[in-house]
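Student: Let me begin by handing over the structure; questions about it come next.
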Amino acid sequence: MKVDFSAPRGQTSALFLVAALLAASMWFYVQRVLIPYEMEDAAVQERPRGNLSDLYPRWLGARELLLHHHNPYSDDITIEIQKGYYGRALDPARPNDPKDQQGFAYPVYVVFLLAPFVRFSFHFVQLAFYWTLIALTAASVWLWLRALRWRLPVLATASCVALTLGSFAAVQGIKLQQLSLLVAALLAGAVACVASGFLFCGGVLLAAATIKPQLAWPLVAWLLVWALHDWRNRRRFLFGFGLVMVLLLAGAEIILPGWWRMFAHALGQYHRYTQNQSVLLLPWEYSGIVIAAAVIACAFFLWRLRGEPAEAGNFGLAISLVLALTVLVVPMYAPYNQVLFLPAILVLVRDRTFFTSRSRGVRFLYLAAAFALAWQWIGSLILSGAYLLGWRAWAISAWKVPFFATFSLPVFVFALILLKVQVAQRPRRVDESR
């Protein structure tokens with residue numbers, strides 16, 4: 001079935017119902033299939049399970065620093081974090097204990113965002129953050145549509161929201177209270193502000209997003225290049241970003257002098273005990289070559305787009321490419337990071353005729369990307385249906401099914417967006433040669 005977002009109301013209503021069904025199947029799969037499997041497996045392996053909230057280490061570190069003046073990077077605080085996150089401190093003598101120590105591996109200025117909540121119970125903070133992430137993730141759909149200059153009917157927009165909230169990346173991030181979803185919303189807000197002419201506000205939001213540097217700084221680098229290219233008209237963005245970064249860094253140094261050395265040490269430990277790698281899942285000597293080639297290719301095309309005004313279509317395309325590259329090369333293949341794909345996927349849907357009208361190879365790649373994206377919902381529908389029909393044991397044993405295309409999707413999306421950017425520049429080269 002061909003999806004037409006400009007179709008009559010009856011068709012968009014049907015599309016929304018399908019999107020709602022797919023989203024419901026994903027939430028049901030996670031709650032009734034994936035989580036029970038993880039609990040059963042943890043019991044067999046004697047792995048500890050506490051609150052398992054990725055917000056908890058940051059919240060506890062912020063509370064200990066702001067209320068008790070304890071170093072959040074210290075071993076003592078890491079042990080306290082483990083007692084909440086895992087239910088007990090990790091024991092190196094137990095081979096099945098998790099390797100992730102759950103240390104405070106964030107820039108210390110993340111505590112400024114959490115400061116209003118350090119006096120509340122974590123149960124309250126956890127619940128509030130859960131619903132905040134749902135609201136922000138839904139709002140980010142509208143923000144990206146605005147940044148991409150794509151107007152959709154209300155039901156079509158609602159379908160995009162349902163599919164986004166019902167994607168495994170979003171569901172996992174919401175369940176874990178992952179700050180990646182907060183950063184993704186801040187990035188969406190920053191780009192939407194820039195595209196709407198609110199450059200100072202865009203810079204402020206982008207600076208706040210650097211609480212997760214590995215996700216934010218590729219876009220920061222590109223937007224700084226973009227702003228410096230036209231200093232006179234874009235300097236407000238630089239002022240907003242620079243002002244907030246100075247305040248964050250200075251404030252961090254005041255509350256914890258020398259924090260950046262502690263952060264660098266904690267980050268090094270984090271990469272050692274988690275052995276993180278990109279979604280390419282290749283040995284470093286090979287993945288490094290691929291990553292270098294991807295970065296160089298993007299740098300070449302993005303350099304040519306640095307003069308694009310924020311209201312131009314190619315500006316949104318450049319943003320999509322930067323975020324697709326970020327997911328491809330970031331040294332962590334957690335599915336929740338794929339929420340950064342949202343603008344790229346919107347571009348692929350919006351410009352579908354561009355891809356389907358090209359060569360057979362491009363059409364095949366586009367269909368492969370569509371299938372890889374849809375497979376998560378195909379898998380969740382199959383396992384949810386099996387569970388409801390009484391085949392609970394089989395559904396739980398087949399819990400991996402929705403993940404089969406997880407690592408291929410970033411490669412397909414990046415390749416297609418890179419192709420779109422490359423082709424989008426051709427008319428400009430012809431014009432410039434005249």
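Student: Can you pull out the residues in segment 299-314 that are in a helix (DSSP H, G or I) and farther than 15 Å from Asp351 by Cα?
Tutor: Initially, segment 299-314 is screened for residues in a helix (DSSP H, G or I), giving 299-304, 313-314.
Of everything in segment 299-314, those that are in a helix (DSSP H, G or I) and farther than 15 Å from Asp351 by Cα turn out to be Ala299, Phe300, Phe301, Leu302, Trp303, Arg304.
Student: Among the listed residues Asp76, Asp100, which satisfies the condition of being surrounded by fewer than 18 Cβ atoms within 10 Å (Cβ to Cβ), in contact with a Phe, Trp or Tyr (Cβ under 7 Å, 6 or more places away or on another chain) and farther than 25 Å from Gly189 by Cβ?
Tutor: Values: Asp76 fails: in contact with a Phe, Trp or Tyr (Cβ under 7 Å, 6 or more places away or on another chain).
Answer to the selection: Asp100.
The rows are residues; the columns are (1) of a type in the set (Phe, Trp, Tyr); (2) within 12 Å of the chain's Cα centre (by Cα).
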residue: Gly173; (1), (2): no, yes
residue: Leu187; (1), (2): no, yes
residue: Phe198; (1), (2): yes, no
residue: Val204; (1), (2): no, no
residue: Leu215; (1), (2): no, yes
residue: Trp231; (1), (2): yes, no
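Student: Criterion first (part of a helix (DSSP H, G or I), of a type in the set (A, V, I, L, M), in contact with a Pro (Cβ under 6 Å, 6 or more places away or on another chain) and surrounded by 17 or more Cβ atoms within 10 Å (Cβ to Cβ)) does Leu15 satisfy it? Steps first, answer last, please.
Tutor: Details: part of a helix (DSSP H, G or I): yes; of a type in the set (A, V, I, L, M): yes; in contact with a Pro (Cβ under 6 Å, 6 or more places away or on another chain): no; surrounded by 17 or more Cβ atoms within 10 Å (Cβ to Cβ): yes.
For Leu15, the condition - part of a helix (DSSP H, G or I), of a type in the set (A, V, I, L, M), in contact with a Pro (Cβ under 6 Å, 6 or more places away or on another chain) and surrounded by 17 or more Cβ atoms within 10 Å (Cβ to Cβ) - is not met.
Student: Based on this model, can you work out whether Leu90 counts as touching a helix residue (DSSP H, G or I) at 6+ places or on another chain (Cβ under 9 Å) and not in a loop (DSSP other than H, G, I, E, B)?
Tutor: Values: touching a helix residue (DSSP H, G or I) at 6+ places or on another chain (Cβ under 9 Å): yes; not in a loop (DSSP other than H, G, I, E, B): no.
It is false that Leu90 is touching a helix residue (DSSP H, G or I) at 6+ places or on another chain (Cβ under 9 Å) and not in a loop (DSSP other than H, G, I, E, B).
Student: Okay, next question. Which count do you get for residues in segment 36-46 that are touching a helix residue (DSSP H, G or I) at 6+ places or on another chain (Cβ under 8 Å) and under 16 Å from Gln172 (Cβ atoms)?
Tutor: Within segment 36-46, the first condition is being touching a helix residue (DSSP H, G or I) at 6+ places or on another chain (Cβ under 8 Å), and the residues that meet it are 36-37, 40.
Within this subset, residues satisfying the condition of being under 16 Å from Gln172 (Cβ atoms) are 36-37.
Number satisfying all stated conditions: 2.
Student: Select the helices (runs of 4 or more DSSP H) contained entirely in segment 160-271, then report the ones holding at least 1 residues which are touching a Lys or Arg at 6+ places or on another chain (Cβ under 7 Å).
Tutor: Numbers: elements: 168-176, 179-195, 199-208, 213-229, 231-255.
Of the helices (runs of 4 or more DSSP H) lying wholly inside segment 160-271, those with at least 1 residues that are touching a Lys or Arg at 6+ places or on another chain (Cβ under 7 Å) span 179-195, 199-208, 213-229.
Student: Quick one: which of Tyr73, Tyr56 is under 28 Å from Trp131 (Cβ atoms) and hydroxyl-bearing (Ser, Thr, Tyr)?
Tutor: Details: Tyr73 fails: under 28 Å from Trp131 (Cβ atoms).
Going through Tyr73, Tyr56 in turn, the sole match is Tyr56.
Student: I've got another one for you. Do we have Gly61 as surrounded by 21 or more Cβ atoms within 10 Å (Cβ to Cβ), at pLDDT below 95 and not acidic (Asp, Glu) here? Walk me through how you get there before you give the answer.
Tutor: Working: surrounded by 21 or more Cβ atoms within 10 Å (Cβ to Cβ): yes; at pLDDT below 95: no; not acidic (Asp, Glu): yes.
No, not satisfied.
The values are calculated or read from the model by the stated rules, or taken from the named source; none is laboratory data. Quick caveat: nothing in here was measured; it's all calculated off a predicted structure. All Cβ positions, glycine included, derive from the backbone under ideal geometry; neighbour counts span all protein chains shown.
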